[in-house]
Amino acid sequence: MPKWHFLTITVYEKYPKITDIFLLNSVGIVTSRDEFVISTDREKLEQKIRMFCDEELSDENIRQIFKLRDKSNWKLQDKRAKIRDEKGHVYINADQYFEGVTKEIWEYQIGGYQVCQKWLKDRKDRTLSLDEIKHYSKIVTALQKTMEIQKLIDDIYPEVEKDIIEF
């Protein structure tokens, strides 16, 4: 055995063994969604997240596209709903979005139409002007204020109802 080999082994053996440092064996954190949530390409990961949040894509489509399965402690529908609620973003393209559009505002309907979705859908495949962007923001604000007023009315209505004269 060469002398350098003996010195290397002697030095090596002075250090603690890996089994002395890590008493438990582990492969780290592994989920059935690793391929979905781990990527070396930021743009691809961001695109996955946008698709995951996109309400136009059904849960079943997302399930098939990304090969995701429900588990006892992880349900696709619940996770998608939670992310949408937390972010409050409505994407108009891959990079641009409106902030502060809660799920309640997004789902608010007049005449059977979701107001926010219908307005954007009518302008699909074209660039919004600055005036249109401001107008959409005003729509969102008007819906928010409308919902606040409706809640106040709902809160006081039981008192008003007590004073109704019946015929």
Quiz item: Which is free of Cβ contacts under 8 Å to residues at least 12 places away in the same chain, part of a helix (DSSP H, G or I) and outside the structural domain of residue 50 (by TED's automatic domain parsing), of 124, 145?
Solution: 145
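For every residue, the table says whether it meets (1) loosely packed, with under 10 Cβ neighbours inside 10 Å; (2) modelled with pLDDT under 80; (3) farther than 24 Å from residue 142 by Cβ; (4) of a type outside the set (S, T, N, Q).
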{"position": "42", "(1), (2), (3), (4)": "yes, no, yes, yes"}
{"position": "61", "(1), (2), (3), (4)": "no, no, yes, no"}
{"position": "84", "(1), (2), (3), (4)": "no, yes, no, yes"}
{"position": "105", "(1), (2), (3), (4)": "no, no, no, yes"}
Quiz prompt | Matching residues, the stretch 68-82, being touching a Ser or Thr at 6+ places or on another chain (Cβ under 9 Å) and modelled with pLDDT of 85 or more | solution = 68, 69, 71
Exercise. Scan the stretch 129-136 and give yes if some residue there is in a loop (DSSP other than H, G, I, E, B) and at pLDDT 90 or above, otherwise no.
Key: yes
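The values are calculated or read from the model by the stated rules, or taken from the named source; none is laboratory data. Remember, it's a predicted structure, so these values are computed and weren't measured experimentally. We place every Cβ from the backbone using ideal geometry, glycine too, and count neighbours over all the protein chains shown.
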